[in-house]
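Report on one structure; see the data block that follows.
The values are calculated or read from the model by the stated rules, or taken from the named source; none is laboratory data. A quick note: this is a predicted structure, and the numbers were derived from the prediction, not measured. All Cβ positions, even for glycine, are placed from backbone atoms using ideal geometry, and neighbour counts span all protein chains on display.
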Amino acid sequence: MTEPEPPSVAALSLAETATLSVAKATEQEINPWDVQAATDEAGNVLAFDYKAISEKWNTKLIDDALLERFERVTGHKPHRWLRRRLFFSHRDLELILDIYERGETFLLYTGRGPSSDSMHIGHTIPFEFTKWLQDVFDVPLVIMLTDDEKYLFKEKLEQEEVYQYARDNAKDIISIGFDVKKTFIYIDSEFFTSGWNRHFSLNTTEFEKLINNNQVRGAFGFDGSTNIGSNAFAAKQCVAAFASSYPFIFGEDHTTYKRSKELAAMPCLIPCAIDQDPYFRLVRDNCQRMMFPSPKPALIHSKFLTALQGAGGKMSASNPNSAIYMSDTEKQIKNKINKHAFSGGQETLELHRELGGNPDIDVPYQYLTYFEDDDEKIAKFAEDYRKGEILTGEMKKECITMMTAYVKQFQEARAKVTDEMLAEFTRPRKLEWKGNPNPTKPKEEKPKDDAVPLGEDGKPMTKNQLKKLAKAAETERKKKEKEAAKKA
């Protein structure tokens, strides 16, 4: 997403980093509103340290064992972005695989904060990945377009302007190829005034009551100058992960005041950029405090796609040469890559032949790793570049060919998206999906409404034990609030 704004789940997308020189080394800063790469003592921008952020936020790195299980359970080879660890981290993905093995349904949820009338390649990545997940698992999907969020966080945006961005971006998203029967796309300013949002609003109000200002400040770094709309928006993005916010997609009544306990218990999987994790830590910490508790949403985190200028480069609408836009012509793509894409090659042909290049910092190579599916071909590119057998110009040529084909295919699909298609995707309705056709494990028995938790002895807890349990939970909650307040 673009500068200073919280990228909504979806934008998942891009590294927003400072370009001004600094006098001393700085640490990387990653949160939903501001993504800054670290710098060394000389002011040079460094690559993001994803292992460090995973350790800091206590996420799990995706490993070979998890991907082997993914393929075994789903029958699908993991996506190249998983194989290459471009989606590198997760929370509870193994539990989603458990659910799929039992043939149970879960909700897939992602989104985007519309800040321009055309998406660039970095914006398409989370949606390409989400479509693949939907195809693999065959589950219902909701896509949230947060025009209200963008209006709140970007001073110069007008409401009508950002609403039009949302409509244009929705058509871009449809162009990715989502199945309309399984997909509900909503623009916040439309949905929240439609009459179909009653349960969403009830969930929002309840969640707002659970979260105090210290918790929000601790999670997002807000201060006294932050507008109250920004404080309140967090709850909307959080409860968007609850299936009970959308009873109509499951064929249930959206007009009743009573929300569905069964839908509240449905798990959710969220593919997003790592900078979005603070939102969903807030959900995970509080979702079981709702009147009808929801399970902690599972997440898959992506890395940032760098700007053409390289590590720490800034993809910005104010600099059209920082990114390849999905509306770019073949000539513009060629010009951007040849003139602006950072190279990992040597200064001269002779040095390059002698010393070889560095594909790890070469932007054309990095882009190829996202869009070339052949693992052996990608490995050969890297090997030959390091040996000096592939020149910088040749690597750029490969990238131009790949990017031109990708953008052209997108533009052909985009030209076919009509206002009528957009209206159907955004129409609240019952969705259709099939899920796992061959579950290998029995479904879990749901506890009865009057079921009492069991103690360590396996027997139902007494009233006194239940009181102690509730008191311990409340103590832990207050402890987290104090920790959040200290960070604020």
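Considering only the stretch 30-49, I want to know if a residue exists there that is out of contact with any helix residue (DSSP H, G or I) (no Cβ under 9 Å at 6 or more places or on another chain) and modelled with pLDDT of 95 or more.
Scanning the stretch 30-49 turns up no residue that is out of contact with any helix residue (DSSP H, G or I) (no Cβ under 9 Å at 6 or more places or on another chain) and modelled with pLDDT of 95 or more.
Does the stretch 188-209 include one or more residues that are touching a strand residue (DSSP E or B) at 6+ places or on another chain (Cβ under 8 Å), modelled with pLDDT of 95 or more and assigned by TED's automatic domain parsing to the domain that holds D138? Please lay out each step first, then the result.
Filtering the stretch 188-209 for residues touching a strand residue (DSSP E or B) at 6+ places or on another chain (Cβ under 8 Å) gives 188.
Retained after the next criterion (residues that are modelled with pLDDT of 95 or more): 188.
Going one step further and asking which of them are assigned by TED's automatic domain parsing to the domain that holds D138, we end up with 188.
Looking through the stretch 188-209, at least one residue is touching a strand residue (DSSP E or B) at 6+ places or on another chain (Cβ under 8 Å), modelled with pLDDT of 95 or more and assigned by TED's automatic domain parsing to the domain that holds D138.
Could you tell me which numbered condition H301 fails, if it satisfies all but one of (1) at pLDDT 90 or above; (2) assigned to a helix (DSSP H, G or I)?
With respect to (1) at pLDDT 90 or above; (2) assigned to a helix (DSSP H, G or I), H301 is out only on (2).
Evaluate the stretch 434-447: report whether one residue or more is exposed (fewer than 15 other Cβ atoms within 10 Å of the Cβ) and either modelled with pLDDT of 95 or more or within 29 Å of M119 (Cβ to Cβ) (or both).
Checked against the condition, which is being exposed (fewer than 15 other Cβ atoms within 10 Å of the Cβ) and either modelled with pLDDT of 95 or more or within 29 Å of M119 (Cβ to Cβ) (or both), the stretch 434-447 yields at least one hit.
Quick test for you: out of P247, P295, pick the one residue that is under 22 Å from the mean Cα position of the chain (by Cα) and under 18 Å from H199 (Cβ atoms).
Numbers: P247 fails: under 22 Å from the mean Cα position of the chain (by Cα).
None of the other options fit; the residue is P295.
Consider L299 carefully, then state whether it is in contact with a Phe, Trp or Tyr (Cβ under 8 Å, 6 or more places away or on another chain) and either in contact (Cβ under 8 Å) with a residue 60 or more places away in the chain or among the charged types (D, E, K, R) (or both). Step through it out loud before you land on a result.
On the way: in contact with a Phe, Trp or Tyr (Cβ under 8 Å, 6 or more places away or on another chain): yes; either in contact (Cβ under 8 Å) with a residue 60 or more places away in the chain or among the charged types (D, E, K, R) (or both): yes.
In short, yes.
Being over 30 Å from P359 (Cβ atoms) and modelled with pLDDT of 90 or more narrows it down to one residue among A473, A413; which is it? Spell out the reasoning first.
Values: A473 fails: modelled with pLDDT of 90 or more.
From the options A473, A413, the qualifying one is A413.
Filter the stretch 198-233 for residues that are assigned to a loop (DSSP other than H, G, I, E, B), without any contact (Cβ under 8 Å) to a residue 24 or more places away in the chain and surrounded by 13 or more Cβ atoms within 10 Å (Cβ to Cβ) and give the result.
Across the stretch 198-233, the qualifying residue is only T226.
Only one of these is surrounded by fewer than 18 Cβ atoms within 10 Å (Cβ to Cβ) and at pLDDT below 95: K156, K150, K181. Name it. Outline the logic, then answer.
On the way: K150 fails: surrounded by fewer than 18 Cβ atoms within 10 Å (Cβ to Cβ); K181 fails: at pLDDT below 95.
Selected residue: K156, the only one of K156, K150, K181 that is surrounded by fewer than 18 Cβ atoms within 10 Å (Cβ to Cβ) and at pLDDT below 95.
(1) assigned to a helix (DSSP H, G or I); (2) in contact (Cβ under 8 Å) with a residue 24 or more places away in the chain; (3) within 26 Å of T105 (Cα to Cα); (4) not β-branched (V, I, T): which one isn't true of H76, the others all being true?
Among (1) assigned to a helix (DSSP H, G or I); (2) in contact (Cβ under 8 Å) with a residue 24 or more places away in the chain; (3) within 26 Å of T105 (Cα to Cα); (4) not β-branched (V, I, T), the lone unmet condition for H76 is (1).
Could you tell me whether any residue of the stretch 55-74 is at pLDDT below 95 and of a type in the set (A, V, I, L, M, F, W, C)?
yes
Kindly indicate the residue of the stretch 361-382 that is surrounded by 13 or more Cβ atoms within 10 Å (Cβ to Cβ) and not in a helix (DSSP H, G or I) and also modelled with the lowest pLDDT among those meeting that condition. So that I can check it myself, show each step before the final result.
Initially, the stretch 361-382 is screened for residues surrounded by 13 or more Cβ atoms within 10 Å (Cβ to Cβ), giving 361-372, 378, 380-382.
Then keep just the ones that are not in a helix (DSSP H, G or I); that gives 361-362, 372.
Working: I361: 89, D362: 93, E372: 94.
Among residues in the stretch 361-382 that are surrounded by 13 or more Cβ atoms within 10 Å (Cβ to Cβ) and not in a helix (DSSP H, G or I), the one modelled with the lowest pLDDT is I361.
One line per residue, one yes/no per condition, for (1) out of contact with any strand residue (DSSP E or B) (no Cβ under 7 Å at 6 or more places or on another chain); (2) closer than 26 Å to S230 by Cβ; (3) not in a helix (DSSP H, G or I):
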{"residue": "F248", "(1), (2), (3)": "yes, no, no"}
{"residue": "D253", "(1), (2), (3)": "yes, no, yes"}
{"residue": "L263", "(1), (2), (3)": "yes, no, no"}
{"residue": "M266", "(1), (2), (3)": "no, no, yes"}
{"residue": "Q276", "(1), (2), (3)": "yes, yes, no"}
{"residue": "R281", "(1), (2), (3)": "yes, yes, no"}
{"residue": "C287", "(1), (2), (3)": "yes, yes, no"}
{"residue": "K336", "(1), (2), (3)": "yes, no, no"}
{"residue": "G345", "(1), (2), (3)": "yes, no, yes"}
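Of all residues in the stretch 47-73, which are within 20 Å of L133 (Cβ to Cβ), exposed (fewer than 15 other Cβ atoms within 10 Å of the Cβ) and either aliphatic (A, V, I, L, M) or in contact (Cβ under 8 Å) with a residue 60 or more places away in the chain (or both)?
Within the stretch 47-73, L61, A65 qualify.
May I ask you to list the residues in the stretch 383-392 that are touching a residue at least 40 places away in the same chain (Cβ under 8 Å) and part of a helix (DSSP H, G or I)?
Y385, T392 - these are the residues of the stretch 383-392 that are touching a residue at least 40 places away in the same chain (Cβ under 8 Å) and part of a helix (DSSP H, G or I).
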